Each structure stands twice: as C-alpha cells, then as structure tokens.
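What follows is a single structure, written as structure tokens, with notes after it.
The values are calculated or read from the model by the stated rules, or taken from the named source; none is laboratory data. Here the structure is a predicted model, which means the values were calculated and not measured. Because the Cβ atoms are built from the backbone with ideal geometry, glycine has one as well, and the counts that use them run over all protein chains shown.
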Amino acid sequence: MTMDLRNSAELPQLYISYPKSAQQHLGQLRGSENVDLKAREQSSVEFELRRRDLSYWDVKAQKWAVAPGTYTVYVGASSRDLRLHGTSELI
C-alpha cells in the first residue's frame, strides 16, 4: 500500500456565541487564519479576542454593548465542522 502525502492548507475559524441576554445569532465568525502545512506537519494557531469581538449592536439602546455572562468559543474548519469549544465568563 502506498500513501500519497501532499502539502495542504487549513483555515481554522473562530466563532463566538454570546450570552442569552445579548439576543444574538449563535456562532458569529470572529477570526480565521490561513495555515499552510507540509505532509504530516502540525501547527498551532492563536486567536486574540478584543472588546470589539465581543460587542454587538444593542437595538434598544442604539449603541455597541458587551453583555455580561457566559460566552462560548468554538474553533473548527467551518461553522458545520466545529472541533473545539470552551466557555468564558464575562462579569
């Protein structure tokens, strides 16, 4: 059996789900990074979240807001292929 090993590219994507009080769509894209990989190579990617990445437009207040509560962070190849997730509490 022979294996055909090739170079490839991955595009890890970062999605954020807001606390329920923010009344936002689930899983909003907040970052992506193009990674070129050689055959059998692995790589790490870091995403830095800023205040604006957690902000949403508050329709009632007519301004940008950051909701306190539990945020869920997802990372995957696409919105339908989320391989990692974690939560963080914002007070």
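Listing for the model above:
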quantity: Segment 1-46, residues that are at pLDDT 90 or above, part of a loop (DSSP other than H, G, I, E, B) and under 15 Å from Tyr71 (Cα atoms); calculated: Tyr18, Pro19
quantity: Flag for Ala61 being modelled with pLDDT of 90 or more, among the hydrophobic types (A, V, I, L, M, F, W, C) and part of a strand (DSSP E or B); calculated: no
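Per-residue answers, yes or no, for (1) touching a residue at least 60 places away in the same chain (Cβ under 8 Å); (2) closer than 13 Å to Tyr18 by Cα; (3) surrounded by fewer than 12 Cβ atoms within 10 Å (Cβ to Cβ):
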{"position": "Asp53", "(1), (2), (3)": "no, yes, no"}
{"position": "Tyr56", "(1), (2), (3)": "no, yes, no"}
{"position": "Gln62", "(1), (2), (3)": "no, no, yes"}
{"position": "Val66", "(1), (2), (3)": "no, yes, no"}
{"position": "Gly69", "(1), (2), (3)": "no, yes, no"}
{"position": "Val73", "(1), (2), (3)": "no, yes, no"}
{"position": "Ala77", "(1), (2), (3)": "yes, no, no"}
{"position": "Arg80", "(1), (2), (3)": "no, no, yes"}
{"position": "Leu84", "(1), (2), (3)": "no, no, yes"}
